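Here's the structure we're looking at; comments come further down.
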Amino acid sequence: NAGVTQTPKFQVLKTGQSMTLQCAQDMNHNSMYWYRQDPGMGLRLIYYSASEGTTDKGEVPNGYNVSRLNKREFSLRLESAAPSQTSVYFCASSEAQQPQHFGDGTRLSIL
Amino acid sequence: AQSVTQLGSHVSVSEGALVLLRCNYSSSVPPYLFWYVQYPNQGLQLLLKYTTGATLVKGINGFEAEFKKSETSFHLTKPSAHMSDAAEYFCAVSENSGGYQKVTFGTGTKLQVIP
């Protein structure tokens, strides 16, 4: 019973490098989300996908892009990483009006 | 716009003492309310949820929360703290928005349990 799986778990990048964070869920949920977590700020929504084929901006989308590859997978891409994007990134999935299920996070450091 | 305020970024209790973590919310529609727990280097796990019906909600690990509409509160309690309860706790409010679940999280409360 995997739930929400995120890869990689840890990553160190240099400023200007690009990378893609992967997320997959096996619960057949329609909606998927990407959050970032920073100390003292809770979780802030970056992008979400209400259903397969749709994506929309959340609270802090600048510097990020997403792809809803299929119903299971939702990736987050940093095109040109900046130190301000050092954070812990969480992917989540849910059905309407149900609690979100979270992955274990990707810890990203940008030097 | 919905919002969540968690009073106290750090709370310390002695093992066996009452745990009380405070959460106040604002929402323009009847809210769905959640408490999540986060252990170090892990994601958020659902403790309990309030949607409709009974205002006292019981969750996992002996936690419960009471929805008080008049006070716009959803405080989390546990009668007797265990060492294993040490973690960060997040209150969240949710409403449906254009077909997806818009969730706003509080900034979290770190619970320390003192032996």
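Once a ≥ b ≥ c are taken as the square roots of the eigenvalues of the Cα gyration tensor of region A:5-49, is the result rounded (a/c under 1.5), prolate (a/b larger than b/c) or oblate (a/b not larger than b/c)? Could you put the intermediate results ahead of the total?
On the way: a/c = 2.09, a/b = 1.32, b/c = 1.57.
The shape class here is oblate.
Ignoring ligands, DNA and RNA, please state the percent of accessible area on chain A from carbon and sulfur, probe 1.4 Å. Please list the in-between numbers first.
Details: 2430 of 5090 Å².
Result for chain A: 48 percent of the exposed heavy-atom area is carbon or sulfur.
Restricted to Cα positions, what overall size does region B:1-93 have along the principal axes? Three whole-Å values, descending.
Taking the Cα atoms of region B:1-93, the three principal extents are 37, 26, 21 Å.
List the GluC sites (Glu not before Pro) within region B:35-115 that fall in a DSSP loop (any state other than H, G, I, E or B) and whose Cβ has at most 11 other Cβ atoms within 10 Å.
Hits after loop and neighbour filter: B:71.
Using the beta-carbon distance between residue B:77 and residue A:107 and R0 = 35 Å, what value does 1/(1 + (r/R0)^6) give for FRET efficiency, to the nearest 0.05?
Result of the calculation: an efficiency of 0.65.
State the percent of C-alpha pairs, over all pairs in chain A, separated by a distance greater than 19 angstrom. If you can, show how the numbers build up before the last one.
Numbers: 2326 of 6105 pairs.
Here the tail beyond 19 Å accounts for 38 percent of pairs.
Is there a quick way to get the dipole size of the protein assembly as shown? I mean about its Cα centre, with the Cβ of Lys and Arg at +1 and of Asp and Glu at -1; what is the value in debye to the nearest 20?
Numbers: 18 positive and 16 negative charges, 44 e Å.
Computed about the Cα centre, the dipole is about 220 debye.
Between residue B:42 and residue B:112, what length comes free when the chain is fully extended (0.36 nm per residue of separation minus the Cα-Cα distance, one decimal in nm)?
Numbers: separation 70, 0.36 × 70 = 25.20 nm, distance 1.71 nm.
Here the segment from residue B:42 to residue B:112 would lengthen by 23.5 nm.
Can you compute the charge dipole magnitude of region A:1-104 about its Cα centre, using +1 on each Lys and Arg Cβ and -1 on each Asp and Glu Cβ, nothing else charged? Give it in debye, rounded to the nearest 20.
Numbers: 9 positive and 9 negative charges, 45 e Å.
Charge dipole of region A:1-104: 220 debye, to the nearest 20.
What's the extension gain from residue B:10 to residue B:95 if we count 0.36 nm per residue and subtract their Cα-Cα distance?
Working: separation 85, 0.36 × 85 = 30.60 nm, distance 2.74 nm.
Here the answer is 27.9 nm.
Interface size between chain B and chain A, please: total buried accessible area, 1.4 Å probe, rounded to the nearest 100 Å².
Details: alone 6270 and 5930 Å², together 10480 Å².
Looking at B and A, the buried total is near 1700 Å².
Note the per residue figure in Å³ for the convex hull of the C-alpha positions in the protein assembly as shown.
Details: hull volume 27.6 nm³, N = 226.
So the per-residue hull volume is 122 Å³.
Which of rounded, prolate, oblate describes region A:15-73, given a ≥ b ≥ c as roots of the alpha-carbon gyration tensor eigenvalues and a/c under 1.5 marking rounded, otherwise prolate only if a/b is larger than b/c?
On the way: a/c = 1.81, a/b = 1.43, b/c = 1.27.
It is prolate, given that a/c is not under 1.5 and a/b is the larger ratio.
What distance in nm separates the two pseudo spin-label positions at residue B:56 and residue A:5, each 7 Å out from Cα along the beta-carbon direction?
Going by the 7 Å Cα→Cβ label model, 4.3 nm.
Using a Gaussian network model on chain A with a 10 Å cutoff between Cα atoms, which of A:51, A:84, A:67 fluctuates the most?
A:84
Enter the Cα centre distance for the pair region B:1-51 and region A:16-65, rounded to the nearest angstrom.
The two parts, judged by their Cα centres, are 22 Å apart.
What net charge do the residues around residue A:93 carry, taking every other residue with its C-beta under 14 Å from that of residue A:93, with Lys and Arg at +1 and Asp and Glu at -1?
Working: positive: A:68, A:71, A:72; negative: A:26, A:52, A:73, A:95, A:104.
With Lys, Arg at +1 and Asp, Glu at -1, the neighbours total -2.
Tally the DSSP beta bridges in chain B and give the antiparallel ones as a percent, rounded to 5. Each step should come with its number before you reach the end.
Details: 39 of 44 bridges.
Expressed as a percentage, antiparallel bridges in chain B total about 90.
Under a Cβ-only charge scheme (Lys and Arg +1, Asp and Glu -1), can you give me the dipole magnitude of region B:25-115 about the Cα centre, in debye to the nearest 20? Spell out each step's value before the answer.
On the way: 7 positive and 6 negative charges, 17 e Å.
Here region B:25-115 has a charge dipole of around 80 debye.
Which percent, nearest 5, of DSSP beta bridges in the protein assembly as shown are antiparallel?
Values: 72 of 81 bridges.
Looking only at bridges with both residues in the protein assembly as shown, the antiparallel portion is about 90 percent.
Just the accessible area per residue of region A:44-111, please: how many Å² with a 1.4 Å probe? List each step's numbers first, then the result.
Details: 2940 Å² over 68 residues.
Result: 43 Å² per residue.
Kindly flag which residue pairs out of A:9/A:71; B:49/B:102; B:49/B:78; A:57/B:102 have an alpha-carbon separation exceeding 19 Å in this structure. List each step's numbers first, then the result.
Details: A:9/A:71 22 Å; B:49/B:102 15 Å; B:49/B:78 15 Å; A:57/B:102 12 Å.
Exceeds cut-off: A:9/A:71.
The values are calculated or read from the model by the stated rules, or taken from the named source; none is laboratory data. Predicted model only: the values in this text are computed from it and were never measured. As a convention, Cβ positions derive from the backbone with ideal geometry for all residues, glycine included, and neighbour counts pool all protein chains shown. Remember, those area values only see protein heavy atoms, side chains included, never the ligands or the DNA or RNA. Shrake-Rupley method; radii C 1.70, N 1.55, O 1.52, S 1.80 Å.
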